[in-house]
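Just below is one structure, and these are the notes that go with it.
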Amino acid sequence: MLISEHLCQNKGAMKVFKFGGASVSTAERIRNVAGILADHKAEKLLVVISAMGKTTNALEKVVERFFAGQKEEALSLFGEIRKDHLLIASELGMAAEPSEGPRLSDFFTEVEWLLHDRPVRDFDYYYDQVVCVGELLSTAIVSHYLNSRGVENQWMDVRDIIRTDNNFRDAGINWDYTARKVEEQVLPALDRVNIVLT
């Protein structure tokens with residue numbers, strides 16, 4: 001059973017909104033997303049957001065350089081991704097990270113620590129560790145911006161909800177574990193706020 005079907009069966013009338021990378025590729029487009037969600041903020045929503053614009057492609061290049069042993073180039077490429085996200089956050093009025101919710105600096109550090117090591121596992125493992133950060137960064141920025149505009153939402157790290165096997169880049173979902181986490185974390189969040197963003 002899909003997670004959205006599970007949620008709908010257990011929460012009644014709930015909508016799932018999905019915004020692709022082009023929808024959140026600039027500050028202006030994020031403002032448009034905020035406007036759409038503001039129009040629906042009285043409803044129960046699960047909002048799923050992709051990585052910004054071409055971020056996934058850029059992160060793939062980071063992994064390729066890292067795995068090829070080009071640590072400094074990988075770090076430099078990731079530095080550009082960091083700069084782009086901080087610029088968009090600044091354009092949205094995020095002068096500093098809020099004290100609550102996801103922190104961009106934590107996600108940057110997570111990748112930079114990995115890139116300072118040398119590869120000891122296969123490419124697919126590193127791919128999954130690095131490329132997912134695109135969605136973490138975009139959702140953190142959008143969540144902070146929505147809350148600053150009065151569109152209250154609860155950000156969730158989907159890595160705490162969806163459990164997979166270790167077949168990296170083609171993983172199978174452990175549906176029993178995932179359904180239990182939806183019951184334990186997502187549904188109670190939707191009792192507290194109308195919008196859960198991930």
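The values are calculated or read from the model by the stated rules, or taken from the named source; none is laboratory data. Everything numeric in this text was worked out from a predicted model, so none of it was measured. With ideal geometry, Cβ positions are generated from the backbone for all residues, glycine too; neighbour counts draw on all protein chains shown. Heads up: the accessible areas ignore ligands, DNA and RNA and are worked out on the full protein's heavy atoms, side chains in. Shrake-Rupley method; radii C 1.70, N 1.55, O 1.52, S 1.80 Å.
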Worksheet item: Taking amide hydrogens as modeled 1.01 Å from N in the peptide plane, which residues meet the under 5 Å criterion relative to F17, leaving out close sequence neighbours?
Response: L46, V47, V48
Worksheet entry | Long-range HN-HN contacts of Q154 with modeled amide H, under 5 Å | I195, V196, L197
Worksheet item: Residue by residue, what Karplus-based ³J(HN,Hα) values in Hz, rounded to whole numbers, does the range 107-124 have, using 6.51, -1.76 and 1.60 with θ = phi - 60° and x for Gly and Pro?
Response: 6, 4, 4, 4, 6, 4, 4, 4, 5, 7, 8, 10, x, 10, 10, 7, 4, 4
Worksheet item: For Rg and Dmax of the Cα atoms in Å, the choices are [x] 15.6, 44; [y] 17.2, 51; [z] 21.4, 71; which was calculated from the structure?
Response: [y]
Worksheet item: Taking 0.36 nm per residue of separation and subtracting the Cα-Cα distance, what length does fully extending D157 through E43 add?
Response: 38.9 nm
Item to complete: Pop out the carbon and sulfur fraction of the accessible area of the chain as a percent, whole number, probe 1.4 Å.
Response: 48
Worksheet item: Do any trypsin sites (Lys or Arg not before Pro) in the range 96-198 lie in a loop, going by DSSP, with at most 11 other beta-carbon atoms within 10 Å of their beta carbon, and if so which?
Response: R121, R169
Response to the item:
Among A171, A51, A74, the residue with the largest mean-square fluctuation in a Gaussian network model of the chain built from Cα contacts under 10 Å is A171
Worksheet item: Out of residues 5 or more away from R103 or on other chains, whose amide H comes under 5 Å of its own, with H placed 1.01 Å from N in the peptide plane?
Response: none
Worksheet, complete the sentence: Given a Förster distance of 25 Å, the FRET efficiency implied by the Cβ-Cβ spacing of N167 and W113, rounded to the nearest 0.05, works out to 0.55
Worksheet item: For the range 95-185, what is the accessible area per residue in Å², given a 1.4 Å probe and the full set of protein chains?
Response: 56
Worksheet entry | Residue-wise HN-Hα coupling along the range 41-51, computed from phi with Karplus coefficients 6.51, -1.76, 1.60 (Hz; x: Gly, Pro) | 5, 7, 9, 7, 10, 10, 10, 10, 10, 7, 5
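Heavy atoms only, probe 1.4 angstrom, no DNA, RNA or ligands counted: give me W155, W175 ranked by accessible area, highest first. Display every interim value, and only then the final one.
Details: W155 40, W175 105 Å².
Output order, biggest surface exposure first: W175, W155.
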Fill in: Close Lys-Lys pairs in the chain, where close means Cα under 20 Å and separation is 8 or more or interchain
14
Worksheet item: In sequence order, what are the phi-derived ³J(HN,Hα) couplings for the range 152-161 according to the Karplus relation 6.51 cos²θ - 1.76 cosθ + 1.60 with θ = phi - 60°, rounded to whole Hz, with x for glycine and proline?
Response: 5, 8, 10, 7, 10, 7, 4, 5, 8, 9
Worksheet item: If exposed GluC sites (Glu not before Pro) are those in a DSSP loop with at most 13 other Cβ within 10 Å, what is the longest stretch of the chain that has none?
Response: 44-99
Item to complete: Would you tell me the accessible area of S25, worked out with a 1.4 angstrom probe on the heavy atoms of the protein chains, in Å² to the nearest 10?
Response: 30
Worksheet item: With all protein chains present and a 1.4 Å probe, how do K71, K61 order by accessible area, largest first?
Response: K61, K71
